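Novice: This is the structure, below, for whatever I ask next.
The values are calculated or read from the model by the stated rules, or taken from the named source; none is laboratory data. All figures in this text were calculated on a predicted structure; none of them were measured in a lab. Here the Cβ positions follow ideal geometry from the backbone for every residue, glycine too, while neighbour counts run over all protein chains shown.
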Amino acid sequence: MDLPQTSEASLTPVSSTPQRRSNQQRRIELLAVAAFVLVNLLAPVLCGELYPFTVSPMFSDQPSAYCTYEILASDGKSLELEPFGLHLVYDGNPPGLGMGIVPRSTLHEFGEVCDERIVLDRVRQTMQDAAIVGPLTVKRTHVEGGANQLKTTTQEWTVTGAESL
């Protein structure tokens, strides 16, 4: 009795499992790549600037003057500066080059110092608008100079809120 002759190709079992596993792996890889790209595109937009996404070199400018403020209530407690517009907005990026997050408005112009009258008027106006009972003490520390010389002066003003604007 003669056995039918078979070729090697017919002896190899036919299975689609490796092919399916390969297609599933490809889909997972493509989804992982798509997720990575999506996160890298959306993260700076949703969270502000994140490393390595930035549009400007940090500290490329050299401010020659700035001020910091502290506002103390009559009981000696520090008050938040943002409602008064006296917070310092400087994170090392030159202004106008898309920091990703727009800070609240402030009296500070980068590298410039506000006049005492403007600061006191703003504090009085905020006191009236927010019904804050005074007196408040405003301390301003003014720093100016270049890399070799820094001059720091501190001024202190009392604002009762009763003066006319």
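Novice: Is there any pair with a first residue in the stretch 123-146 that is in a strand (DSSP E or B) and a second that is charged (D, E, K, R) whose Cβ atoms are under 6 Å apart and which are 6 or more apart or on different chains, and what are they?
Specialist: Every condition considered, the pairs that remain are LYS139/GLU70; LYS139/GLU156; GLU144/LYS151; GLY145/LYS151.
Residue-wise test of (1) within 30 Å of VAL138 (Cβ to Cβ); (2) aromatic (Phe, Trp, Tyr); (3) modelled with pLDDT under 60; (4) surrounded by fewer than 11 Cβ atoms within 10 Å (Cβ to Cβ).
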position: PRO13; (1), (2), (3), (4): no, no, yes, yes
position: GLN24; (1), (2), (3), (4): no, no, no, yes
position: ALA73; (1), (2), (3), (4): yes, no, no, no
position: PRO95; (1), (2), (3), (4): yes, no, yes, no
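Novice: Say we look at the stretch 122-133 and pick out the residues that are within 20 Å of HIS87 (Cβ to Cβ) and surrounded by fewer than 16 Cβ atoms within 10 Å (Cβ to Cβ); which of these is modelled with the lowest pLDDT?
Specialist: Looking at residues that are within 20 Å of HIS87 (Cβ to Cβ) and surrounded by fewer than 16 Cβ atoms within 10 Å (Cβ to Cβ), I get ALA130.
Novice: Of all residues being surrounded by 11 or more Cβ atoms within 10 Å (Cβ to Cβ) and charged (D, E, K, R) in the stretch 134-154, which is modelled with the highest pLDDT? Just the residue, please.
Specialist: LYS139
Novice: If you don't mind, another one. Quick check on the stretch 155-164. Is at least one of its residues buried (at least 16 other Cβ atoms within 10 Å of the Cβ) and either modelled with pLDDT under 75 or small (Gly, Ala, Ser) (or both)?
Specialist: Looking through the stretch 155-164, at least one residue is buried (at least 16 other Cβ atoms within 10 Å of the Cβ) and either modelled with pLDDT under 75 or small (Gly, Ala, Ser) (or both).
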